[in-house]
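Please treat every number below as a calculation from the coordinates, not as lab data. Everything numeric here is computed off the predicted structure, so don't read it as measured data. We place every Cβ from the backbone using ideal geometry, glycine too, and count neighbours over all the protein chains shown.
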There are 2 protein chains.
Amino acid sequence: MRLLASTDLALRVLMRLSTAPDQHVSTDVLARELVMSRNHLHKIVQFLTEAGFLRTVRGAHGGVMLAMPADKIRIGDVIRRHEQNQSLVECFRSDGGACTLLPVCRLRGMLAGAQQAFYQHLDGKTLADCVASSGAPTHELPKPARAREAERRGA
Amino acid sequence: MRLLASTDLALRVLMRLSTAPDQHVSTDVLARELVMSRNHLHKIVQFLTEAGFLRTVRGAHGGVMLAMPADKIRIGDVIRRHEQNQSLVECFRSDGGACTLLPVCRLRGMLAGAQQAFYQHLDGKTLADCVASSGAPTHELPKPARAREAERRGA
């Protein structure tokens, strides 16, 4: 079971912005801190803004910030909206797929129920629950796990 | 959210075999009925056999059949085993990924909980629950949805 890589990145953007909810952050700074390409980030910011989770601050020193308090952003909502065009299996596609068993199949309903259980679990969690209270200082974000491992090995 | 296409196909193989649990079916017949390549089917049968869900009957008229009653095969078990090397998001990978937020992140635990809710839903369902009681006659499997649609349009 996999989520889109861009769903993962969208959640990271929201988590980073939740650490300083009253400040706007430039996309250059976000891209650098979260180690993602500006092109990917641009698409993700566009989705999050259109979905109402972010708002943009225009101008030379502009950027993006949360559009609502972190405890109002449900993780289930973010993932559900970003994954809405994904099909869990072939028969979930809008064209129905090509499975020969479909007319006698009850598996589809079971899988839909399991998918609903996944989202229901995350509907009870908000962005505010995601970041440990020790905080993530905006100028001292931890290094990626692979970088730490490389350092440990003396690379 | 997506499952592997091969997980979907593995479930179809089990569903097809559950319609005639006392008979073995050749892989040629299975590939034709389920409209999948023999190469894909071979890998799926290998997985299902190694996992203990299928057994093979050798010989010129050999084939495969369920290794246990359909009501003993839990759908959650089949999917969990086939997807065991998949990572829901990057930080679920065995190398930990490269997310800079990991040390302060509680999202990972939430996502693991949601994944568990998905599988728990399917642990309560068995292969016997998957096929409607109207049955799927082995020689009269329904046509794929797209083929039916093409016929409807007079193609």
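Side notes on the structure shown:
- Residue match in segment A:68-86 (condition: more than 23 Å from B:Arg2 (Cα to Cα), loosely packed, with under 15 Cβ neighbours inside 10 Å and among the charged types (D, E, K, R)): yes
- Filtered residue count, segment B:94-111, keeping only those that are surrounded by fewer than 15 Cβ atoms within 10 Å (Cβ to Cβ) and closer than 30 Å to B:Arg12 by Cβ: 1
- Scanning segment B:53-76 for residues that are touching a helix residue (DSSP H, G or I) at 6+ places or on another chain (Cβ under 7 Å) and closer than 15 Å to B:Lys125 by Cβ turns up B:Phe53, B:Ala70, B:Asp71, B:Ile73, B:Arg74, B:Ile75, B:Gly76.
- For segment B:1-46, the set of residues classified as in contact with a Pro (Cβ under 8 Å, 6 or more places away or on another chain) and not hydrophobic (A, V, I, L, M, F, W, C) consists of B:Thr19, B:Pro21, listed by residue number.
- Wholly enclosed helices (runs of 4 or more DSSP H) of segment B:4-117 bearing at least 1 residues within 14 Å of chain A (Cβ to nearest Cβ) and acidic (Asp, Glu): B:5-18, B:27-34, B:75-82
- Members of segment B:1-58 that are within 30 Å of A:Tyr119 (Cβ to Cβ) and loosely packed, with under 13 Cβ neighbours inside 10 Å: B:Ala5
- Residues of segment A:14-33 satisfying the condition of being touching a residue at least 40 places away in the same chain (Cβ under 8 Å) and out of contact with any Cys (no Cβ under 6 Å at 6 or more places or on another chain): A:Leu14, A:Arg16, A:Leu17, A:Ser18, A:Thr19, A:Ala20, A:Pro21, A:Asp22, A:Gln23, A:His24, A:Val25, A:Glu33
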